1. Given charges of +1 on the Cβ of Lys and Arg and -1 on the Cβ of Asp and Glu, with all other atoms neutral, how large is the dipole of segment 8-65 about its Cα centre, in debye to the nearest 20?
2. If the reach is capped at under 17 angstrom between alpha carbons, list the aspartates and glutamates near Lys63, excluding any in the same chain fewer than eight residues apart.
3. For Lys21, go through the lysines and keep the ones whose alpha-carbon is under 17 Å away, minus same-chain ones fewer than eight residues off.
4. Tell me, what HN-Hα J-couplings in whole Hz come from the Karplus equation 6.51 cos²θ - 1.76 cosθ + 1.60 at θ = phi - 60° for each residue of segment 97-106, using x for Gly and Pro?
5. Could you tell me the relative contact order of the chain? Use alpha-carbon pairs under 8 Å, at least six residues apart, and round to a whole percent.
6. Report in % the part of the accessible area of segment 70-117 that belongs to carbon and sulfur, leaving out ligands and nucleic acids; probe 1.4 Å.
Amino acid sequence: QLQASGGGLVQARDSLRLSCKASGRTFSVYATGWFRQAPGKGREFVAAIKSSTGSTYYSDSVKGRFTISRDNAKNTVFLQMNSLKPDDTAAYYCGADNQRLYTYDYWGQGTLVTVSS
């Protein structure tokens, strides 16, 4: 089970940190990541992190501004979002999978991020 939190209303160039806390069989997770969905658009990959190595992956649209990290002791993955833009406005979803990096069987509820100009 995944629980996402940390969304809110911020201004452009502000920062925000999202959290994704996992419970249950967390030892078998291969990767955890974030997708987002803006109003009227499809779900878009944002970032992912491998559980075993900590390797990180980002979409071009957030590379250099967002950082994904994890705290294994707390079974939590974070998404630090800096230099936010109005285009980052979306519902952000965290997901996890036992075998795949970009496709997830397990999803948390969305947390809404709104960036005003």
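1. 80 debye
2. Qualifying aspartates and glutamates at Cα under 17 Å: Asp14, Glu44, Asp87, Asp88.
3. Result set, ordered by chain and number: Lys50, Lys74.
4. Calculated HN-Hα couplings, in order: 8, 8, 9, 10, 8, 10, 10, 10, 8, 10 Hz.
5. Answer for the chain is 37 percent.
6. Summing carbon and sulfur atoms, their accessible area is 46 percent of the total for segment 70-117.
The values are calculated or read from the model by the stated rules, or taken from the named source; none is laboratory data. On a predicted model such as this, the values are computed, not experimentally measured, just so you know. A quick note on method: Cβ atoms are made from the backbone with ideal geometry, for glycine too, and the neighbour counts reach across all protein chains shown. In case anyone asks, the SASA skips ligands and DNA or RNA and just uses the protein heavy atoms, side chains included. Shrake-Rupley method; radii C 1.70, N 1.55, O 1.52, S 1.80 Å.
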